[in-house]
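Have a look at the structure below, then the notes.
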Amino acid sequence: MLKSSFAVAAMLVLLGAAPAGAAQPSSAQRFADAVLRAKIALRELAPQYQAAQKATFRTCESGIEPDEDPPPHARRRAEVLAYQAELTPFVQVLRPVFDRLLADLRAIPTRDPALRSGREGWRLRTELFFGEPVLPGACEQLAAWVATGYARDKAPAFRVADFMRPEAEDDRLMEQSREKLERATIRMYRLGVSEGEALRFMGHQLFDVLVPEDESGGQTARASARASATTGAARGSGERRAGR
């Protein structure tokens, strides 16, 4: 996502502003303003999100050794639990911001195909962020299972496939949303939206406000949501998801 943003930024410099076509500049600006409101809402929720993350990690770590890896029979299920534990604060705290963003974008009338593409791009991106089901109490279930030594007959009862979307589906959603958002970003710039606002519409630095000031930036939404693996069991899941 970061490389894509830089590529589009370079393209915007080369393009310069062009006369408006099917859409009016005011429509493009309203699209940009909708994402600005989302960023402001994320900034306001950042303390709540960070506190929810810390509370979740404390619960997980209370019964788990940091360097402990599950045995082969438990690894896949433990990965799902660890991933779900990290996913829960992200979904519970931040999902309303993106529901509001989608509603705001749908409320802006436009027949411009590029802007409509951008609206669809954010729908796909929201599906990528929040489309997976959440497993309640994942931390507690994982900690309790670890306390039994990953006993087979004490494994938490859920179907692994229900809580881990195939990676190919993640890749598809990311690529489709990226293409649509890039198209809209270039169009918005040509309609008079500033470079920074156009890039923000694509998601550039949108989630930086979630990262504590004492941590380095440059994290995307999913990397921020899964800031660090709490156990060895979480490493495979966290590494897999951080690239979204």
*Is one or more of the residues making up segment 158-165 touching a Leu at 6+ places or on another chain (Cβ under 9 Å), modelled with pLDDT under 90, assigned to a helix (DSSP H, G or I) and buried (at least 16 other Cβ atoms within 10 Å of the Cβ)?*
yes
*Failed criterion for Asp153 (all others in (1) over 24 Å from the mean Cα position of the chain (by Cα); (2) touching a residue at least 24 places away in the same chain (Cβ under 8 Å); (3) part of a helix (DSSP H, G or I) hold)*: (2)
*Filter segment 138-148 for residues that are closer than 16 Å to Leu87 by Cα and either surrounded by fewer than 16 Cβ atoms within 10 Å (Cβ to Cβ) or more than 21 Å from the chain's Cα centre (by Cα) (or both) and give the result.*
Glu140, Gln141, Leu142
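Among Pro109, Pro166, which is the only one that is farther than 16 Å from Leu36 by Cα and touching a residue at least 60 places away in the same chain (Cβ under 8 Å)? If you could, list the steps in order and put the result at the bottom.
Values: Pro166 fails: touching a residue at least 60 places away in the same chain (Cβ under 8 Å).
Unique residue meeting the criteria: Pro109.
Just name the residue that is surrounded by the fewest Cβ atoms within 10 Å (Cβ to Cβ) out of those in segment 184-231 that are among the β-branched types (Val, Ile, Thr) and modelled with pLDDT under 80.
Within segment 184-231, the subset among the β-branched types (Val, Ile, Thr) is 185-186, 193, 209, 211, 220, 230-231.
Narrowing the set further to residues that are modelled with pLDDT under 80 leaves 220, 230-231.
Working: Thr220: 17, Thr230: 24, Thr231: 26.
Out of the qualifying residues, it is Thr220.
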*Name the one entry in Ala155, Ala151 that is surrounded by fewer than 16 Cβ atoms within 10 Å (Cβ to Cβ), within 30 Å of Pro71 (Cβ to Cβ) and small (Gly, Ala, Ser).*
Ala151
*Within the bounds of segment 77-100, is there any residue that is at pLDDT 85 or above, surrounded by fewer than 22 Cβ atoms within 10 Å (Cβ to Cβ) and not in a helix (DSSP H, G or I)?*
no
_Report every pair of residues separated by at least 6 positions or lying on different chains whose Cβ atoms are under 7 Å apart, first residue within segment 128-144 and in a helix (DSSP H, G or I), second exposed (fewer than 15 other Cβ atoms within 10 Å of the Cβ) and among the charged types (D, E, K, R)._
Phe130/Arg95
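The values are calculated or read from the model by the stated rules, or taken from the named source; none is laboratory data. Fair warning: this is a prediction, and the values are worked out from it, not measured in the lab. No Cβ is skipped: glycine too gets one built from the backbone with ideal geometry, and neighbour counts run over all protein chains shown.
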